[in-house]
């Protein structure tokens with residue numbers, strides 16, 4: 001049983017002890033200076049990966065493609081604010097000097113540092129909203145992102161990144177992967193992240209240089225002592241603590257990127273074989289380390305550091321690996337799975353969450369990520385798909401727990417879109433958006449009392465998701481059609497059950513954006529052309545922030561409907577309801593199934609037939625867990 005291949009998909013019972021393989025370091029060719037008038041050739045293997053000619057010059061003049069100084073510093077500040085806190089693969093003071101060098105003496109930059117600069121520029125652009133990119137840089141986001149990705153590719157290839165043991169090139173490639181996720185398909189990214197994993201393995205299998213300054217003098221071209229045998233890396237007693245920490249930071253970030261891309265590509269994650277088990281980087285601020293240090297500073301254990309977000313995610317991954325044999329084993333009982341999840345929740349609460357400050361944006365997104373992971377584990381552990389009848393015999397108490405858990409998880413997703421203080425990290429919310437949690441919530445909503453406040457909250461969340469990710473219902477691909485169909489069926493079920501339970505009571509009204517989707521689908525059902533929407537200056541409130549909402553509907557002939565027609569078309573409020581996001585700490589230990597729950601009790605979750613069966617584009621008559629196999633396959637292909 002798999003849930004969108006997310007979080008702990010692919011974990012196997014037979015976890016192997018990683019085998020360490022000594023990797024010989026090949027002799028690296030000298031890299032030409034990158035000054036004006038110098039033609040950089042493309043490394044043939046890199047040409048195969050990036051699609052460049054194997055021989056001949058590179059056609060883009062990277063010096064001319066470099067941003068103007070004002071834009072370079074703007075991109076650097078954007079990277080520091082939005083990307084660096086969530087990745088921590090560079091030491092900011094060191095790169096700050098490179099930015100100054102790039103804007104004042106570009107010709108003196110080494111080839112690896114050029115690759116690093118363009119990767120940073122691409123990642124910064126990828127983190128910007130479209131309107132902010134246009135306002136700050138004077139160019140649309142997607143063309144500018146494509147430009148800097150292409151420049152980063154060319155610079156990486158020219159530096160011979162596939163054959164290098166350069167920490168700088170590995171950092172550049174990791175940042176390039178962060179930026180490329182918004183542009184490349186999941187299968188391509190899966191191949192590229194595999195390259196990054198191999199590069200990281202090779203670098204960590206070599207001893208760090210005796211002096212970080214020596215590495216800098218070599219311009220990051222992999223100066224290593226080839227007579228030193230590569231023992232397993234020690235994160236605290238290395239002769240070069242700084243270099244070791246930076247290697248561990250970039251290694252674990254690449255492993256994290258690879259894990260997410262593996263999920264999106266629908267591949268099983270193999271944690272055995274030749275994947276080494278390196279220690280996590282230390283919980284230290286950038287101010288606690290420097291290239292000149294040779295020993296470890298005093299550990300920081302009484303407060304969070306700048307590494308808290310990254311460390312929390314890395315450690316969550318390691319715990320899921322170590323506990324995967326219980327969570328993924330069909331023979332394990334619900335009680336055993338819940339005990340594992342409770343222990344994980346307690347561990348993270350005591351080690352991380354109790355020390356986080358809600359006023360600090362990095363701490364807020366770290367808390368949200370930890371809570372979402374625990375909630376997702378609970379959904380996975382109690383997934384209806386594990387029942388032979390796909391959940392039809394699942395007791396109502398279990399349905400209630402699953403629905404409440406899914407609503408809380410979607411609450412966290414909505415918080416990522418609406419909380420103003422974590423706005424710089426919204427790119428991360430987009431990349432890691434869990435559509436499967438929304439699908440889960442909509443399916444389980446059909447087992448609930450249609451007048452329940454939690455059901456109201458769920459549909460408010462749906463409206464907020466549609467506001468911030470409108471493509472989910474606007475795209476004409478299979479995923480877009482499936483999401484539209486699910487929204488229609490779930491709401492239709494709610495209305496039908498409301499009339500059955502309370503014929504004299506006014507049925508619920510859909511939130512504005514949900515009503516729009518329903519109206520368009522019903523127009524299609526009647527064979528009419530959908531109304532075309534035009535934006536007017538009506539603002540809706542979402543968690544206190546102003547967002548634009550359409551207040552009029554325009555037909556295909558250009559006429560605007562009157563107010564009466566508008567209200568009847570939308571069927572509900574013209575504004576998205578205010579969303580009150582509760583604190584999420586309770587989610588770590590809450591929503592545990594009631595003690596003594598009898599899983600053998602039969603409780604049917606079958607639904608009445610929908611009146612819109614002639615619109616059944618997916619081929620299933622009811623939106624229940626019989627259809628999850630379809631959703632599971634479809635969601636693996638999403639590139640959020």
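Details
- Selection of segment 152-164 for residues being in contact (Cβ under 8 Å) with a residue 40 or more places away in the chain and at negative phi yields 153, 154, 155, 156, 157, 158, 159, 161, 162, 163, 164.
- Residues that are over 21 Å from residue 482 (Cβ atoms) and outside any helix (DSSP H, G or I), drawn from segment 408-450: 419, 448, 449, 450
- Residues in segment 506-526 that are touching a helix residue (DSSP H, G or I) at 6+ places or on another chain (Cβ under 7 Å), free of Cβ contacts under 8 Å to residues at least 60 places away in the same chain and either outside the structural domain of residue 436 (by TED's automatic domain parsing) or not in a helix (DSSP H, G or I) (or both): 507, 508.
- Residue match in segment 129-151 (condition: touching a residue at least 60 places away in the same chain (Cβ under 8 Å) and within 30 Å of residue 279 (Cα to Cα)): no
- Selected residue [surrounded by fewer than 18 Cβ atoms within 10 Å (Cβ to Cβ), under 19 Å from the mean Cα position of the chain (by Cα) and part of a helix (DSSP H, G or I)] from 318, 376: 318
- Residue within segment 81-99 that is within 21 Å of residue 182 (Cα to Cα) and out of contact with any helix residue (DSSP H, G or I) (no Cβ under 6 Å at 6 or more places or on another chain) present: yes
- Residue in segment 173-182 that is closer than 23 Å to residue 124 by Cα, at pLDDT below 85 and buried (at least 22 other Cβ atoms within 10 Å of the Cβ) present: no
- The lone exception for residue 482 - which of (1) in contact (Cβ under 8 Å) with a residue 60 or more places away in the chain; (2) surrounded by fewer than 15 Cβ atoms within 10 Å (Cβ to Cβ) it fails: (2)
- Meets criteria (modelled with pLDDT of 80 or more, under 26 Å from residue 205 (Cβ atoms) and either within 17 Å of the chain's Cα centre (by Cα) or surrounded by fewer than 18 Cβ atoms within 10 Å (Cβ to Cβ) (or both)) for residue 260: yes
- Selection status of residue 245, modelled with pLDDT of 85 or more and touching a helix residue (DSSP H, G or I) at 6+ places or on another chain (Cβ under 8 Å): no
- Hits in segment 459-490 - residues which are part of a helix (DSSP H, G or I) and over 22 Å from the mean Cα position of the chain (by Cα): 459, 460, 481, 484, 485, 486, 487, 488, 489, 490
A quick yes/no check of all residues on (1) within 30 Å of the chain's Cα centre (by Cα); (2) crowded, with 21+ Cβ neighbours inside 10 Å; (3) more than 19 Å from residue 173 (Cα to Cα); (4) modelled with pLDDT of 95 or more:
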position	(1), (2), (3), (4)
217	no, no, yes, no
249	yes, yes, no, yes
267	yes, no, yes, no
291	no, no, yes, no
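- Residues in segment 70-96 that are modelled with pLDDT of 95 or more and surrounded by fewer than 14 Cβ atoms within 10 Å (Cβ to Cβ): 2 in all.
The values are calculated or read from the model by the stated rules, or taken from the named source; none is laboratory data. Computed from a predicted structure; not experimentally measured. Positions of Cβ are generated from backbone atoms using ideal geometry, with glycine treated the same way; all protein chains shown enter the neighbour counts.
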